[in-house]
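Scroll down for the structure; my scribbles are underneath it.
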Amino acid sequence: MNDIASRPATVLSVRDLSIDARTPSGLKRILDGISFDLAAGETLCLAGESGSGKSVTSLAIMGLLPKASLRVASGEIRLGETDLLRLSEKAMRRVRGGDVAMIFQEPMTSLNPVMNIGTQLVEAIREHQDTANAEDVAKRMLDAVHISDPVKRMTQYPHELSGGMRQRVMIAMALSCRPKVLIADEPTTALDVTVQAQILKLMRELKQEFGTSIVMITHDMGVVAEMADRVVIMQNGKTVEQGDVLDIFRRPSATYTRELLAAVPRLGTYAGTDEPPRISSAPAHLHFPKPVLEVSDLTVIYGGKSGWFGRGAEAPPTVKGISFRLEAGQTLGLVGESGSGKSTTGKAVLGLIPFKGSVRIDGQDIAGLSARAMQPIRRTAQMIFQDPYASLDPRMSVGAAIAEPLVIHTIGNASERRDRVAALLKRVGLTPDAAERYPHEFSGGQRQRICIARALALEPKLLIADESVAALDVSVRARVLDLMLELQEQMGLAYLFISHDMAVIEKMAHSVAVMRGGELVEMGTRRQVFEEQRDEYTRKLIGAVPIPDPEVYRKAALG
Amino acid sequence: MRVLKEICRQPTALFGLAVVLIVILMAIAAPLIAPFNPDEQMFDGLTLEGAPMPPGSQFLLGTDTLGRDLFSRMLFGARTSLIIGLVANGIAVAIGLFVGITAGYMRGWAGNLLMRFTDLMMAFPALLLAIVLAALLKPSLWIVAMVIALVNWVQVARIVYTETRGLVERDFILAERSLGAGHGRILLLHILPHLVPTAIVWGTLGIATTVLLEATLSFLGIGVQPPNPSWGNIIFESQSYFQAAPWLVFFPGAVILLTALAFNLVGDALRDILDPTQRGRG
């Protein structure tokens, strides 16, 4: 920040931006005096956890704040000489998509599903450019974002493209008018890690080619390290720290930044060890090979027969004959990208969806069991879902939710249940008075603790954790993972830990199974899978994980 | 008790509740309040030319074309219309909820069958169906209520079906299943409460439409039989005199509107009060 003179011209400048939210109890400041500059050709990352105000900042720049609920209190947003906050809606429309373009997290919902790609692209181009051959421009743009066979793609509809392709189309659309500034709001969060790597690479290339400056909003410090020239760290609507990416990573001055960086899981942290890190001082459970879960030749076909009378063709299997086993006190990490069948496997193991093959929980085969016969087995195996808010009934108090399994299995009377709920809440690090409140009154991490408490109520031996920390902020994520490790050490739980996140799997798992297209491509101890990487796909998966260290990328760029 | 307290804190809800209570009380106490026999055709109820009397000191709301006191008829009509509006409509919502939830939860061929039947009912002209049903059965107040219920449940079923299908896909239902909860428990404790807002909104909106449907049936001679009054048939009997005696349409119309609005206000308030995620807000 000292050598302002030598820096290239500033394209976008945000000064003292404050935004208020209208709440029933009056105005509440959600963005407080944010300032930053974006230099020409620079990538600036706004990094922070949920509620930090990073997305609100980007909406304010685009003039897309929902007026009914948010209001700019003060400040200015200068694009060159114009203050975007003082522009009329009509003038702002010209800026939007012209000088400033935006891409969003979910490319499927940002594209119109009933319009083909070509029409949408051409429309976006015609909106801002007076050109006779918008089709040609559209084709060239699709070519620029490396979409194969652009002519054919133009006639296709969004649902016919993969997630990565859709995001490429969004980028093509955003860049088609050669904007000065591209705002990317979590552009790769919804994508698989291998696709994310491709999209990030594409964005770096296009930045050079189109000379666009990028404001990138992300919660992922790995993405920050890979993409950013400069970083603004945000927390609770305030700027905590900003500066050059190398400085921030090497010499973070704010405590919050240091905590944030410390919480980021780094692949390879646990290299050379066989077991997950120990959290508690509980004596190590003696490892004796007592299988809690044995799966052999598991096949799942979704949807069954289609057509009116079930005469349609059978759908292809989502899971194709996989086998694995899990012993008491151990964690099997099931890793794979979307569509690999890992979540389906988790549901089948609990008998929540029909399957073929054999699944033995604690020695008992659950194939073909009726709901009644499954009842005792449910006490042995429980599940924790990805989105803790979605998996709690919003109309049920937390206490009732945790007591639910006890009521279902008719365990104890009302007062015993109440005591049990209080004990469980304490067990997962919450206070017993939480029982009276409702899920929406808690934060994401607390809600996941509630879900864990509910799963533990029946004292199961096996927990299936399906992307259980994926929806949580990194700092919260680390604490929930530690809680799960602690519970495992103390209660000898076995986890089937399903995740797309290699770093999380590395921390949690004793052994790892890699899934792709419904099949197991590799299985072994954590050490084998992460350090030997015998399978080509596993190597690709591990290689695609962004490393939270900007120096790695600087070196790669030079060499 | 909490519900009452909450309602008292919201002026609009309190107004709605007051109107509802007044209407119900007046219907119950009709014989005590009514100044005249509602069915009596009074000699001084008509002008010398034979036209109905406008509202005045003798006849508070005027008289109808047969010289009967409008106020008295409306008091007794409230009994009919409230029974139609509450009972018929209540039954319709109940049937709709039952069919919609069952079909949405079961899916498969049984669910399909139920929904195709619902669609069939929807495509069938409601009035024609009502006429056929009413013709088969001897018209009386309760038969009319049943007929209206059998015609009106269809839309509720359709909406509830769609909502249930969405709910069944939600993670907390999957979580319940993984805990080992049976179908009955899931349906009653985890799906039904989420449909209460829809049922309340439909239930209150349906009051006005059912009252008017009853009037249509009366008009066609298959509803509540004359001389028994209902708000709807008062309007229909006198609509051709609208120019000459506007009060005959205005007063019952205004009462239907006000009652429907009042129920709606109470329903809206109830919906918010019963939703724990809204608690502590607003």
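In what sequence do A:95, A:151, A:319 fall when counting other Cβ within 10 Å, fewest first? Write out the running numbers ahead of the final one.
Values: A:95 21, A:151 10, A:319 28.
With the fewest neighbours first, A:95, A:151, A:319 line up as A:151, A:95, A:319.
Does chain B classify as rounded, prolate or oblate by the C-alpha gyration tensor (a ≥ b ≥ c root eigenvalues; a/c under 1.5 gives rounded; else a/b over b/c gives prolate, otherwise oblate)? Show your work: numbers first, answer last.
On the way: a/c = 3.30, a/b = 1.75, b/c = 1.89.
It comes out oblate by the Cα gyration axes.
Shown for chain B are the DSSP H helices of 18 Å or more along their axis, judged by Cα atoms, with a mean Kyte-Doolittle hydropathy of at least -1.0: B:11-28, B:89-106, B:108-123, B:141-169, B:192-219, B:247-274.
Compute for the stretch B:84-221: radius of gyration divided by Kirkwood radius, i.e. Rg/Rh, restricted to C-alpha atoms, rounded to two decimals. Before the final figure, lay out the partial values.
Values: Rg = 16.6 Å, Rh = 15.8 Å.
With Rh from the inverse mean 1/r over Cα pairs, Rg/Rh is 1.05.
Each of A:146, A:500, A:159 was scored by other Cβ atoms within 10 Å of its Cβ. Listed from fewest to most, they are A:159, A:146, A:500. Comparing mean-square fluctuations of B:100, B:184, B:232 from a GNM of chain B with C-alpha springs under 10 Å, the top value falls on B:184.
When a/c reaches 1.5 or more, the comparison of a/b and b/c decides; with that in mind, is the stretch B:1-66 rounded, prolate or oblate per its Cα gyration tensor? In terms of gyration-tensor shape, prolate. Computed on the Cα trace of the stretch B:29-136, the radius of gyration divided by the Kirkwood hydrodynamic radius gives Rg/Rh = 1.27.
Annotation: extensible slack from residue A:13 through residue A:423 equals 142.4 nm (criterion: 0.36 nm per residue apart, minus Cα-Cα distance).
Per-residue mean of foreign Cβ neighbours for A:436-443 is 3 (Cβ atoms of other chains, 10 Å radius).
Stokes-Einstein, applied to the Kirkwood radius of the stretch A:351-435 over Cα pairs at a viscosity of 1.306 mPa s and 10 °C, places its translational diffusion at 107 µm² s⁻¹.
Among all stretches of chain B without exposed trypsin sites (Lys or Arg not before Pro) (DSSP loop, at most 14 other Cβ atoms within 10 Å), which one is longest?
Values: sites that count: B:107, B:281.
No qualifying site falls inside B:108-280, the longest such stretch.
Once you order the gyration tensor axes a ≥ b ≥ c over the Cα atoms, which shape class does the stretch A:76-230 get: rounded for a/c under 1.5, otherwise prolate or oblate by comparing a/b with b/c? Please list the in-between numbers first.
Values: a/c = 1.68, a/b = 1.06, b/c = 1.58.
Note, shape of the stretch A:76-230 comes out oblate.
Kindly give Rg over Rh for the stretch A:451-517, based on alpha-carbon atoms, with the Kirkwood expression for the hydrodynamic radius. Mind dumping the intermediate values first?
Details: Rg = 11.9 Å, Rh = 12.6 Å.
Using Cα coordinates only, the ratio equals 0.95.
If you build the convex hull over the alpha carbons only and average its shadow over all orientations, what do you get for the stretch A:189-246? Give it in nm² to one decimal. Display every interim value, and only then the final one.
Numbers: hull surface 18.4 nm².
Averaging across all directions leaves 4.6 nm² for the Cα convex hull.
Hull volume per residue, based on the alpha-carbon atoms of the protein assembly as shown and their convex hull, is 228 Å³.
Taking the Cβ of each residue in A:231, A:223 as the centre, tally the other Cβ atoms inside 10 Å and list the residues starting with the fewest.
Working: A:231 30, A:223 21.
Starting with the residue having the fewest Cβ neighbours, the order is A:223, A:231.
Pulled fully out, how much extra length does the chain show between residue B:110 and residue B:41, if you take 0.36 nm times their separation in residues and subtract their Cα-Cα distance?
19.3 nm
Bridges between two residues of the protein assembly as shown, per DSSP, are antiparallel at a rate of about 55%.
Read the figures in this text as sums done on the coordinates, not as results from a lab. Owing to the predicted nature of the structure, the values given are computational and were not obtained by experimental measurement. No Cβ is skipped: glycine too gets one built from the backbone with ideal geometry, and neighbour counts run over all protein chains shown.
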